[in-house]
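One structure is given here, and the rest of the page talks about it.
The values are calculated or read from the model by the stated rules, or taken from the named source; none is laboratory data. Small disclaimer: the values here were computed from a predicted structure and weren't measured. A quick note on method: Cβ atoms are made from the backbone with ideal geometry, for glycine too, and the neighbour counts reach across all protein chains shown.
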Amino acid sequence: MQECREYAVLGDFWTDKHIMPLPPRARAVGLALGADLNTGYVFGGRESSVSKHYNYCLEYSQAADTWATRNNMPINKASHSGWTLDDDNGILATGTKYTSSQGFSPETYRYTKSTDSYLQRTNIIAPTRDSAGCFSMNGKGYLCGGSPIVSIDIRYSPGNQYDNDEFDDTAEVWTSLIGLIVPARSLSGGGALTSSGCGYIIGGRGAARKCDEYDRAVDVWSRKADIPADMQDGIASEATSGSAIYIFGGWYGKQNYVFTMPAVPWVASLTPGHEQLDVPMDTNISFDILDETGVDPNTITVRINGVNAIVNGVFQANFTGAIEEIL
């Protein structure tokens, strides 16, 4: 397909935009980059018969409603995954490639908008797969599930993955984390919410109505409310405020849904990290407690090594550590 449509959250309506240049494609990756994430990019994809994969990169200007070609990806990719790192950079990972025969693409690339260039990063750790759900938070990307087998019609290719892998572009390291909740899945949507500080994998083949939340601080998945209808191969998009995830279309129709979580306080920027061992006695422990509506310091309780350091915002006399301030 070549169609391009814009969804307005305020007003809940769709507007047709200038169509993408030829050729039509399926299973491409779309990313938003630029100031206020106002420039869209489409990477790769394939023709409907699967046999031909593309390496094209197209840039869409929201302000001008125009498309422009940008430097091609180093290799052909389709059914891959991607996420935005910051205003100028995005990550493209895994998927399938096509040269003389079809196979998986373990290559990872960082695309930089300002230089229109690609930098190859460390390959994804096994298993290689396509059609994985993904989301990003705190400068890292998370690749969840996917399909380990390529077939002509991916709706019927057997086998889905549970794997949950984190990519830290700064350190250029992939890390395997706790896998998805049963059932395994592919073709899922994904996003992250600032209201909870967690990532979400929504729908997909094998779990068409499931919504699961990932809490990186404790490396735990938990099940959330089911989607009202089956969703597979839908498009997931986060609100720019980070307060909602929108799921659009897919195999099962034109339904659109918005997913939100109650705004509750969460801990961020914890140093040393959660459950870190062998920390020297004189180490400073720092963290931020965040809430969209503000945090009452009088409600904060902190325990360190099982000992109360702060109870309802009050420093405890039996805590021998030094606490400088609570903001």
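Summary table below
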{"quantity": "Which numbered condition residue 111 fails, given (1) within 30 Å of residue 4 (Cα to Cα); (2) modelled with pLDDT under 85; (3) within 22 Å of the chain's Cα centre (by Cα)", "calculated": "(2)"}
{"quantity": "Criterion (in the same structural domain as residue 231 (by TED's automatic domain parsing) and within 13 Å of the chain's Cα centre (by Cα)) met by exactly one of 147, 81, 136", "calculated": "136"}
{"quantity": "Among (1) over 30 Å from residue 175 (Cβ atoms); (2) within 22 Å of the chain's Cα centre (by Cα), the one test that residue 24 misses", "calculated": "(2)"}
{"quantity": "Qualifying residue in the range 18-25 (condition: surrounded by 13 or more Cβ atoms within 10 Å (Cβ to Cβ) and assigned to a strand (DSSP E or B))", "calculated": "no"}
{"quantity": "Among the candidates 36, 65, residue that is touching a His at 6+ places or on another chain (Cβ under 6 Å) and farther than 24 Å from residue 132 by Cβ", "calculated": "65"}
{"quantity": "Candidate set from the range 159-186 (those that are aliphatic (A, V, I, L, M) and in a strand (DSSP E or B)); member that is surrounded by the most Cβ atoms within 10 Å (Cβ to Cβ)", "calculated": "177"}
{"quantity": "Residue 141 being out of contact with any Gly (no Cβ under 7 Å at 6 or more places or on another chain), surrounded by 19 or more Cβ atoms within 10 Å (Cβ to Cβ) and farther than 18 Å from residue 199 by Cβ", "calculated": "no"}
{"quantity": "Candidates 31, 92, 58, 85 - the one that is more than 25 Å from residue 201 (Cα to Cα), part of a strand (DSSP E or B), in contact (Cβ under 8 Å) with a residue 12 or more places away in the chain and among the hydrophobic types (A, V, I, L, M, F, W, C)", "calculated": "58"}
{"quantity": "Filter result (more than 18 Å from residue 119 (Cα to Cα) and either at pLDDT below 90 or of a type in the set (Lys, Arg) (or both)) within the range 64-80", "calculated": "78, 79"}
{"quantity": "Only one of 40, 90, 95 that is under 25 Å from residue 18 (Cβ atoms), under 20 Å from the mean Cα position of the chain (by Cα) and modelled with pLDDT under 95", "calculated": "40"}
{"quantity": "Search result, residues across the range 196-219 that are in a loop (DSSP other than H, G, I, E, B) and under 17 Å from residue 139 (Cα atoms)", "calculated": "196, 197, 216, 217, 219"}
{"quantity": "Sole residue being crowded, with 19+ Cβ neighbours inside 10 Å, within 23 Å of residue 127 (Cα to Cα) and modelled with pLDDT of 85 or more, chosen from 199, 204, 189", "calculated": "199"}
{"quantity": "Pairs, first farther than 15 Å from residue 165 by Cβ and small (Gly, Ala, Ser) in the range 180-194, second at pLDDT below 85 and not in a loop (DSSP other than H, G, I, E, B), C-beta under 6 Å, six or more apart", "calculated": "189/236; 189/247; 191/236; 191/238; 191/245"}
